[in-house]
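Read the structure below first, then the notes.
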Amino acid sequence: MITHLSHASSAVDGGIATAVADLRTAQLAAGLSPAWCTADQHQPWHRDRCLYEAVGATAPQLVHVHGLWRSPTRIATRLDAAGLPLVIAPHGMLDPGALAISRRKKQLVWRLWERRALTSGRCLHALCAAEAKAIRAVLPRVPIAVIPNGVALPQVSDAASPPAPPWAGAIPSGESVLLFLGRFHRKKGLEPLLSAWQAVAPAAARHRFWLALVGYGDEGALALRVAQAQERGELQRVRVLGPVFGAQKAAVLAAATAFVLPSFSEGLPMAALEAMAHKLPCLLSAACNLPEAFHVE
């Protein structure tokens, strides 16, 4: 029995939730019976105790911990002391760019429990060679396995027509769409993206391109930023839209013309992998850790 342990199974945990869901699907297809325990199912004031008990109730032979700085790693040393082997996946959270966010808080947590938690694992799971290097910089002696995220290739649907993308009616039919899909977080490079888009506004209009920002997580700050710019006559061919999941996310990827992710820090971004699976041309920063996307035969 494998038990996955993360903060949440919903979009609140970003790409981690998608990665774990896809990994469980693959393990089920392989005949395994993985469990999944999430911290957000328990009230904050007794979350660590309840999460520890929930993991124990699954009787795991291996616990795969996903993400850092929260309850899953706070209970890692207790799980190790109980004799449960741990594999811990930081999901990019030890990369320099990620460590720079809330640096002082993370330095304190590192000293209190995070370092001990990570060294209690039998192995750390890196998503790419760049992440393995970042882990090695702060934990020079831990065993590391590099195992990338994977995504399922889109299936040909028998449905008469896919759901309409969320920009239907807001972007004229027949126009091209450059898609950003994911969390609206500063590490995703959205401010430089908007500045670059404004700089090429005449070319975007000439080639009938729009920028669609599809996501969540900033309580409307990005939508307000774009609306204020549009009142000044800027960013006219930009639309900010809410999150999409399941069939609607597949419809968004199918309807887009190209994909963009100019992140400052990533583990191995699920959105970029999904865009590639849909055969979209991708405009990525080096921090997306997909050097294969830059390789030309």
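Listing for the model above:
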read-out: Qualifying residue in region 95-108 (condition: of a type in the set (Lys, Arg) and within 30 Å of VAL244 (Cα to Cα)); value: no
read-out: Subset of region 258-273 [open to solvent by less than 40 Å² (accessible area, probe 1.4 Å) and assigned to a loop (DSSP other than H, G, I, E, B)]; value: PRO262, SER263, SER265, GLU266, GLY267, LEU268, PRO269
read-out: Every residue from region 225-264 that is in contact (Cβ under 8 Å) with a residue 60 or more places away in the chain and of a type in the set (Gly, Ala, Ser); value: GLY242, ALA247, ALA250, ALA251, ALA254, ALA255, ALA256, ALA258, SER263
read-out: When residues of region 226-257 are limited to those that are open to solvent by 60 Å² or more (accessible area, probe 1.4 Å), of a type outside the set (Gly, Ala, Ser) and not in a loop (DSSP other than H, G, I, E, B), the one nearest to PHE180 (Cα to Cα); value: ARG239
read-out: Scope region 183-203; condition in a helix (DSSP H, G or I) and either in contact with a Cys (Cβ under 8 Å, 6 or more places away or on another chain) or open to solvent by less than 30 Å² (accessible area, probe 1.4 Å) (or both); matching residues; value: LYS188, LEU190, LEU193, LEU194, TRP197
read-out: Given (1) touching a helix residue (DSSP H, G or I) at 6+ places or on another chain (Cβ under 7 Å); (2) open to solvent by 60 Å² or more (accessible area, probe 1.4 Å); (3) of a type outside the set (Gly, Ala, Ser); (4) in a loop (DSSP other than H, G, I, E, B), index of the condition VAL142 fails; value: (2)
read-out: Given (1) more than 20 Å from VAL12 (Cβ to Cβ); (2) of a type in the set (A, V, I, L, M); (3) open to solvent by less than 10 Å² (accessible area, probe 1.4 Å), number of the condition ALA286 does not satisfy; value: (3)
read-out: Region 91-122 - residue that is part of a loop (DSSP other than H, G, I, E, B) and not aliphatic (A, V, I, L, M) and, of those, nearest to ILE147 (Cα to Cα); value: HIS91
read-out: Output for region 13-67, where each listed residue is under 21 Å from LEU118 (Cα atoms), in contact with a strand residue (DSSP E or B) (Cβ under 9 Å, 6 or more places away or on another chain) and of a type in the set (Gly, Ala, Ser); value: GLY15, ALA17, ALA19, ALA39, ALA54, GLY67
read-out: Strands (runs of 3 or more DSSP E) contained entirely in region 1-90, each with at least 1 residues that are over 28 Å from GLN107 (Cα atoms) and open to solvent by less than 30 Å² (accessible area, probe 1.4 Å); value: 2-6, 35-38
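To keep it simple, each residue is scored yes or no on (1) surrounded by 19 or more Cβ atoms within 10 Å (Cβ to Cβ); (2) under 26 Å from the mean Cα position of the chain (by Cα); (3) in a loop (DSSP other than H, G, I, E, B).
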position	(1), (2), (3)
SER173	no, no, yes
VAL177	yes, yes, no
LEU181	yes, yes, no
ALA205	no, no, no
VAL214	yes, yes, no
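For every residue, the table says whether it meets (1) of a type outside the set (Lys, Arg); (2) in contact with a helix residue (DSSP H, G or I) (Cβ under 7 Å, 6 or more places away or on another chain).
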residue: ARG206; (1), (2): no, no
residue: VAL214; (1), (2): yes, yes
residue: SER265; (1), (2): yes, yes
residue: ALA277; (1), (2): yes, no
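The values are calculated or read from the model by the stated rules, or taken from the named source; none is laboratory data. Computed from a predicted model, the values in this text were never measured in an experiment. Note: ideal-geometry Cβ built from the backbone for every residue, glycine included; neighbour counts use all protein chains shown. Protein only, heavy atoms only, side chains kept; ligands, DNA and RNA dropped before computing areas. Shrake-Rupley method; radii C 1.70, N 1.55, O 1.52, S 1.80 Å.
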